[in-house]
Every structure is written in C-alpha cells, then in structure tokens.
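Working notes for the structure below.
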Amino acid sequence: MMTLKELYNNKEQYSDQVVEVKGWIRNNRAQKEFGFIDMNDGSCFKNVQIVYEAQNLDNFKDIQKFRNGSSVQAFGKFVLTPDAPQPFEIKATCVNLLGDSLEDYPMQPKRHTREFLREKPHLRVRTNLFNAVFRLRSEAAYAIHEFFHSKGFVYVNTPIITSNDGEGAGQLFNVYTDSENPDTDFFGKKVYLTVTGQLHEEPYAMAFRNCYTFGPTFRAENSNTTKHAAEFWMIEPEMAFAELEDEENIAEEMIKYIIKYVLEKCPDEMKFFDSFVEKGLINRLQAVLNTEKFSRITHKEAITILKNSGVKFENTPEYGEDLATEHEKYLTSYFNGPVFVHDWPKDIKAFYMKLNDDNETVRGSDLLVPESGEIIGGSQREERLDVLLKRMEELGMNEATLDWYVDTRRYGGCKHSGFGLGFERLLMFLTGIDNIRDVVPYPRTPNNCDF
Ligand code: 4AD
Ligand code: MG
C-alpha cells in the first residue's frame, strides 16, 4: 500500500504501475458508465482521483453508491495526467468498501459555517480547512522543538498540577478529588492546574542555562473572546545571563524560523489558507520574514502613539494602563507588522518582572502581531533577592509557598530572561484564522467542554 504523499513525491516512478491506496471518500461523482472518487488518506493535503469504469469492475453498481466519508481500499493503474488539473489519477481495477458512512454524514463537500463545524470537532478534521490547520499545528510544533534544540536548549517538562499561581492573576482551575475538603484533599493542600511553566522552569535555567517548556496551560479567564481559551499550549524559553534585548532577539528569530519552516513544509496548506481564509496571507508572512528587525517601543511610547492617532477608541488609551485589542490592532497596522512593547507599568504585570530604576515600570515585553494581537509575553526577571521579596510582600503574596522559587535568587542567582509564546495565537497568526476555537482540536471555553 502506498500513501498519497509517497505517490505525489515520486510520480514518475509510479507511472503505469499498479498501486494500492486506502483512505476516506471526500466526494463520489457517479455517472452512468463511470465515476470519480476523490479520496484523501491523511498523508498529505491533496486528494487522489480514482476513476472507476463499469467495464472494469464487477461491483460497479455498488461503488456508485459508496457514500462520502466511507473508508475504502482501491487498486489500480497509476496514470500521469499532465493535461488535467490533478497530476495523476488511479484507474481502478478493484475498489472495496472498508467502512460504510451513514447517509447523514455531516461533512459533505460544501462550505459549512465555522460555527457548524465547531459543533463537530471530531469530524471537522476531515474537511480541507481543518486538515490543513491541524497538520500545520503539528509542523509548527516540530519547528519549535527543532529551533530550540538547534540552539542547545534543554526541553523541560514542567508540572501541570501545582500549588501556586504563577502569574498571580487568580485565574486558576482547582484540582481536587474531594470538593468538600480541598485543603486536606489528596495533596494535603489546595492545588491547581498550572497557568505557566515559568516558575518551575527558572531553577532549570540556573542549571542548564538555556531551556524551554512546551505544554498545556490553563486559565479560568471568563472572557468569551476569539483569542482566549481555557486550555491552551505555551512555549516558554528561559535563558540565564540574558537581558530583555536578548529575549526579544530570540523571540524574533524563533517567529521567523517558524514562518520559514511552515512555508517550506506546508506549501499546499499555506496556499489553501491564502486562497480561502486570508487573501494575501503568504505575502503578509513573507513581509514579516523580510523585516530586518521588528519594531520595539516602550509602553509609554505606545500610549503616546495611540493618543496622537486621532482615532476615537472605545477604550481611551492611558499611561499606566493595559492595551485593549483595538489598541493592539492600531499599533500593528501603524508599524505594519510585529512590534515589541516593553517597559510596562509594574501594577499591570506579574511580580517576577525586573523593576526599572524609575520604580514605576518593569522590564516586561509583549510581542504584538497582526491578527492575533499579543502573541508573546516575556520579561527580564527580577534577580535581586531583596527587590523580589519586597515586591512579593507589597502584593501580599504568600512567600512560604514560593520559598523554593526564591531560592533561585539565593544560590547563584543571575540575570535571566524568558518569554511565553501562546501556541494557538501563533497558529492564528500563521493561518489567518480569526477564532482560537478553530486552531484547537477540542477547544475549551466558558460553557464549552462537551467532547
Ligand atoms: O503573557 P502571559 O500571561 O505570560 C506568561 O504566562 C509568562 N509566564 C510567560 C513567560 O515569561 N514564560 O502569557 C503568554 C502568552 C500570551 O502572550 C498569549 O499568547 C498566550 O500566552 N495566552 C493565551 N492564549 C490563549 N488563551 C489564553 N487564555 C491565553 N492567555 C495567554
Ligand atoms: Mg501577557
């Protein structure tokens, strides 16, 4: 048996040979004396056309009735068709039904709304769009591992169950077996699903110098937006002896690496997104690749640009305050591409960020991109033991539960920096898809965990 990928990659070699393929019917167009099955076997984005003729097949009448979605096996002659839209077809000598698909198969070859498809996450992956999205997701993940490994970063599996709130934003999911007594439950204390791998990773950076995590994170943010999921994946590199600029440089290099990788490894998928999801997508990504250096501005400068824009924003931009989505959009179009915003007001950022000499701002840096807005949140970490402890006290944090974390500042602490890339936000940026629910296989959002 051959995969379609193998056939597409070695067309000349298979010319006029007998081949066997297995896959799922995307479309069966039966005519009187012959018919065409478009079949996909999952090995690549493209389908194969199987031509079946009454004169060659005893079960011709059955094949005519094979329904979309069914799994089939076909044997036949591999024929190059240089004049047709598809480069080859298979002239069937035998087509067997492996698994029937019922009459009401919902993924018929017509345009469904994304909303409709979202209700069928287990079947939508058999459509062109979602097949492309989830192969891209796989390839992008691989690109990220390759990028960090090529630079000698060590991959750390940080825990999913944790007893602390890494970001201090209070958006935790509780974990318990006995909801009546969470304090004395399984772990003898309240525990949660992690919101970030960062705190557990920083100690590893003090041993490996450069490391990264890539895993699921969970946030009980009750914001029903197109960019927030309750369960999402994050890539978090952490680098010892690195300052904010180093962190931004690595982030930029990584983004460009991933873009290059998917354009090269997923040309069919990317062309599909370019035609059917966002016209001009490939040009937009090429332009990012060709940007010599992403723009970098301070939060203060960002607010000044917004204030001087003459635009009537729904949320008035203010020094000292967070950026709203509309502000992010304005800034990425103002800079015509990705832009790092750094040196944020300390009150709206996490406790671990390094305090600037002004005592007002911290060395945090967010990367904003067209389509998904904030895609990366990173910072130089506060390595000074006294400053960190003071900040934790100011915020009323329970120092005892994070004493182990503070040890990184007690025993050979050093300047270090890192960031978190939201994997789904990255995929939105790469595909042009504007809803996070459409880049997660089984999305978890408020009131939505049915599968
Ligand atoms: O900015 P955040 O909260 O940063 C951190 O968690 C740091 N500990 C990272 C670090 O320095 N190691 O989150 C990082 C990124 C965001 O920029 C965004 O892309 C994504 O994670 N993100 C979400 N993606 C989907 N749904 C959500 N609810 C998200 N919250 C954050
Ligand atoms: Mg953030």
Discussion item. On the basis of being in contact with a Phe, Trp or Tyr (Cβ under 9 Å, 6 or more places away or on another chain), hydrophobic (A, V, I, L, M, F, W, C) and within 16 Å of ligand 2 (Cβ to nearest atom), does residue 339 make the cut?
Written reply: yes
Worksheet, complete the sentence: Here the residues within the stretch 387-399 that are among the hydrophobic types (A, V, I, L, M, F, W, C) and not in a helix (DSSP H, G or I) are 395, 397
Discussion item. I want to confirm something. Restricting to the stretch 364-386 and keeping residues that are under 23 Å from residue 206 (Cβ atoms), under 26 Å from the mean Cα position of the chain (by Cα) and not aliphatic (A, V, I, L, M), which single residue is nearest to ligand 2 (Cβ to nearest atom)?
Written reply: 377
Item to complete: Assess whether residue 123 counts as being surrounded by 15 or more Cβ atoms within 10 Å (Cβ to Cβ) and part of a helix (DSSP H, G or I).
Response: no
Discussion item. Here are the criteria: (1) out of contact with any Asp or Glu (no Cβ under 7 Å at 6 or more places or on another chain); (2) more than 30 Å from residue 265 (Cβ to Cβ); (3) exposed (fewer than 15 other Cβ atoms within 10 Å of the Cβ). Tell me which single one residue 94 does not satisfy.
Written reply: (3)
Discussion item. Out of 252, 248, 201, I need the residue that is within 15 Å of ligand 2 (Cβ to nearest atom), part of a helix (DSSP H, G or I) and modelled with pLDDT of 95 or more. Which one?
Written reply: 248
Practice prompt. Look at the stretch 217-235 and say how many of its residues are surrounded by fewer than 23 Cβ atoms within 10 Å (Cβ to Cβ), closer than 20 Å to residue 341 by Cβ and not polar (S, T, N, Q).
Written response: 2
Worksheet item: Based on what the data block shows, is residue 379 of a type in the set (S, T, N, Q), within 9 Å of ligand 1 (Cβ to nearest atom) and either surrounded by fewer than 23 Cβ atoms within 10 Å (Cβ to Cβ) or closer than 21 Å to residue 236 by Cα (or both)?
Response: yes
Worksheet item: Listed residues 198, 171; which is surrounded by fewer than 18 Cβ atoms within 10 Å (Cβ to Cβ) and in contact (Cβ under 8 Å) with a residue 12 or more places away in the chain?
Response: 171
Worksheet item: Are any residues in the stretch 400-451 part of a helix (DSSP H, G or I), among the aliphatic types (A, V, I, L, M) and either within 16 Å of ligand 1 (Cβ to nearest atom) or crowded, with 20+ Cβ neighbours inside 10 Å (or both), and if so, which ones?
Response: 402, 426, 427, 428, 430, 436
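The values are calculated or read from the model by the stated rules, or taken from the named source; none is laboratory data. Source: prediction; values computed, not measured. Reconstructed Cβ throughout: ideal geometry from the backbone, glycine too, with neighbour counts over all protein chains shown.
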